[in-house]
Ligand SMILES: Cc1ncc(COP(=O)(O)O)c(C=O)c1O
């Protein structure tokens, strides 16, 4: 009998022993190509030698140096590095352990900075599994059902439909609905923040159109509403630049980072401007483990690896290779409806969601390839390999996927 909780939904039944780069090895010695990457987490691959060395070295010095009690010698260097890589204007950082904690923190900061109480989120969003984060999550009911009452003050605005034939029309309709929300449900004077994933993650790997994000940011600026970019999944090189907002030239007031930030060590960061952080009442937020020294060491090593020449070029090149290969398959298999997403945050949307589990299972059993789905209807296969993936590993994965499409046709 297992003593483990059954609450974890399982993507595979694999029992793994080790991981290296893009591959994991099971306890019975089988090797798999891991294109789930810990749900877009293992940015530098499994056990990158520079990251594991930094973790091991730090573990010898200090495992836990609590941030209220001490300032250890990696906190400022990490903040300084984040200052270099985050959008202009973001110069002050707070650390925690997970994505949900950091989206919660972002909303707390926005409420204190604006003295307003409400938040606007977008249809299909995922911001985490704590109560406020659940209230802000609308990608699937499973994340919310049975947990009511959720915190109030969360208003949902539509996100442009990626499949709409008239993109301008869907963007304009979404912006009009946003305006209507401000007129009918949450007045600007009550609205602390808008939180947006620049590429919708769990909601189906949907890049937010530039004109849509620009329209939202313009409205935030006009009304003094904080614009929070949730880059938990899209950040840290996943889209081929440090952050997805870099592609859009947008400067958020608050940016949420986690997942890829420390190559798999639990770590998250909030970035904001000093003058906003100054409005955050000292002691009103914190946490036992935030800024953990091993996490800081892992994050610094991750940033070092990702700053090496050619790293981001690889993300962009492998992303193009993958999108081209999937687009070619789309021509052959009409069940594939759309291939989308920047860098290595690529979604393949299926006409028929029922096909998705069979394709994923075939890839796993026959191709030894780990893939996951996404989207409200479960009709997206998302491609989120480690960012160090090679051209031949992309070819290998696409071949397994192609075989799965053929076998399940
Ligand atoms: C965009 C986004 N925000 C927040 C979260 C929550 O992160 P965590 O699971 O680390 O709490 C996720 C997790 O998938 C995410 O994709």
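The values are calculated or read from the model by the stated rules, or taken from the named source; none is laboratory data. This one's a predicted model, so the numbers in the text were calculated from it and none came from an experiment. Every residue, glycine as well, gets a Cβ built from its backbone with ideal geometry; the counts of neighbours run over all protein chains shown.
Here are some notes:
- Identification of helices (runs of 4 or more DSSP H) wholly contained in the stretch 73-155 with 3 or more residues that are at pLDDT 95 or above and more than 12 Å from the ligand (Cβ to nearest atom) yields 75-85, 99-114.
- The condition (being within 16 Å of the ligand (Cβ to nearest atom) and over 18 Å from the mean Cα position of the chain (by Cα)) is satisfied by just one residue among 244, 193, 208: 193.
- Residue match in the stretch 176-183 (condition: touching a residue at least 24 places away in the same chain (Cβ under 8 Å), out of contact with any helix residue (DSSP H, G or I) (no Cβ under 6 Å at 6 or more places or on another chain) and within 16 Å of the ligand (Cβ to nearest atom)): no
- Some residue of the stretch 156-172 being assigned to a helix (DSSP H, G or I), within 13 Å of the ligand (Cβ to nearest atom) and surrounded by fewer than 18 Cβ atoms within 10 Å (Cβ to Cβ): no
- Looking across 346, 315, 359, 335, one residue alone is at pLDDT 95 or above, touching a helix residue (DSSP H, G or I) at 6+ places or on another chain (Cβ under 8 Å) and within 30 Å of residue 51 (Cα to Cα). It is 346.
- Enumeration of residues in the stretch 268-286 that are touching a strand residue (DSSP E or B) at 6+ places or on another chain (Cβ under 7 Å) and within 14 Å of residue 103 (Cα to Cα): 268, 269, 270, 271, 272
- Flag for residue 302 being crowded, with 19+ Cβ neighbours inside 10 Å, in contact (Cβ under 8 Å) with a residue 24 or more places away in the chain and in the same structural domain as residue 56 (by TED's automatic domain parsing): yes
Residue by residue, here is whether (1) surrounded by 17 or more Cβ atoms within 10 Å (Cβ to Cβ); (2) more than 24 Å from the chain's Cα centre (by Cα) holds:
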{"residue": "20", "(1), (2)": "no, no"}
{"residue": "33", "(1), (2)": "yes, no"}
{"residue": "66", "(1), (2)": "no, yes"}
{"residue": "82", "(1), (2)": "yes, no"}
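- Matching entry among 97, 118 (being closer than 27 Å to residue 224 by Cβ and either in contact (Cβ under 8 Å) with a residue 60 or more places away in the chain or surrounded by fewer than 19 Cβ atoms within 10 Å (Cβ to Cβ) (or both)): 118
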